[in-house]
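Chemist: Below is a structure I'd like to ask you about.
Readers should treat all values here as calculations from the given coordinates under stated rules, not as data from a laboratory. Predicted model only: the values in this text are computed from it and were never measured. Cβ placement follows ideal geometry from the backbone for every residue including glycine, while neighbour counts extend to all protein chains displayed.
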Amino acid sequence: MSEAEILSHLREADPDRLLCVLASPATAREPVAVLYAFNAELARVASSVTEPGLGMIRLQWWREVAEEGAHGKVRRHPVAEPLGRLIAARGLEPSLFDAVIGARELELDEAGIPDPIALEAYAGASAAGLMRLCLDALGVTDGASREAARQAGLVVGLTGVLRNAPFLAARGRTLLPRALLADAGARVADFARTPLPGPARRVTGQVAEMAAGHLAALRAMAVPREAVPVLLPAALAARTLRRLARAENDLSDRRVEGPRATAQWAVFRAALSGRF
């Protein structure tokens, strides 16, 4: 798959991260796009299987792709092939892929996520883990960049759980912590309603507050310029948090997504300024 084909794949699978790739320097685009395409494949697993066991088999297949890539072997697959080549060329550690894939197993667990601590662990392993992989692929290994990626990944991961809550609720599922739902008296089905009932808004507000705390930590850092392309998804997450606050934590409000042009502006402004 060529760089153009990877970008075309992302246009369908993850248009938000495609924006981030397009706003990145030319040297960063292909490796980051390949990893984003890999992430999109993982994200599809939970929504495309009828039984958790089938999803676990698919996730294990991607583990094997990473292991084989580390030994110079690639599988014939539109995403696995460029991923294997990237792993071999950049010396990416299979253990980092294992952490990202492991987080996706929670999406197959019908028990869901128990509490806010487990939710942060999920966001740290999935979104922040992906950012760590992107840094390594670009050869950015300093501690400040890695800490920035951790904070940015938590913002992105937590905000992503909120954005996906209505879609998952329509299928009777959620990644929102069971403890927060119970404390607020909210039901999973509430997140599929328009407008969102008060208990569901309270849970949304609590998770948004968690994300905002990590965003504040990111903004307080001196982010190395080399890390900025990897952190760009945090600019979109920050935009979502602002719009969600204006909508009084109603995830069903159309203002939360807003015009695509403002999303583009948020990403390119962050790319130029290094501020999120």
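Chemist: Is it fair to say Arg225 is over 23 Å from Leu35 (Cα atoms), over 18 Å from the mean Cα position of the chain (by Cα) and charged (D, E, K, R)? Walk me through it before giving the result.
Modeler: Working: over 23 Å from Leu35 (Cα atoms): no; over 18 Å from the mean Cα position of the chain (by Cα): yes; charged (D, E, K, R): yes.
So Arg225 fails the test.
Chemist: Listed residues Ala111, Ala123; which is buried (at least 17 other Cβ atoms within 10 Å of the Cβ) and out of contact with any strand residue (DSSP E or B) (no Cβ under 6 Å at 6 or more places or on another chain)? Let's see the steps before the verdict.
Modeler: Details: Ala111 fails: buried (at least 17 other Cβ atoms within 10 Å of the Cβ).
Of the residues listed, the single one that is buried (at least 17 other Cβ atoms within 10 Å of the Cβ) and out of contact with any strand residue (DSSP E or B) (no Cβ under 6 Å at 6 or more places or on another chain) is Ala123.
Chemist: Quick check on the stretch 2-31: of everything there that is within 23 Å of Arg76 (Cβ to Cβ) and under 14 Å from the mean Cα position of the chain (by Cα), which residue is surrounded by the most Cβ atoms within 10 Å (Cβ to Cβ)?
Modeler: Here the residue is Leu10.
Chemist: Would you please list the contacts, defined by Cβ atoms under 8 Å and residues six or more apart or on different chains, that run from a residue in the stretch 198-216 that is farther than 16 Å from Val188 by Cβ to a residue that is among the acidic types (Asp, Glu)?
Modeler: As it stands, the answer is Met210/Glu120, since those pairs meet every condition given.
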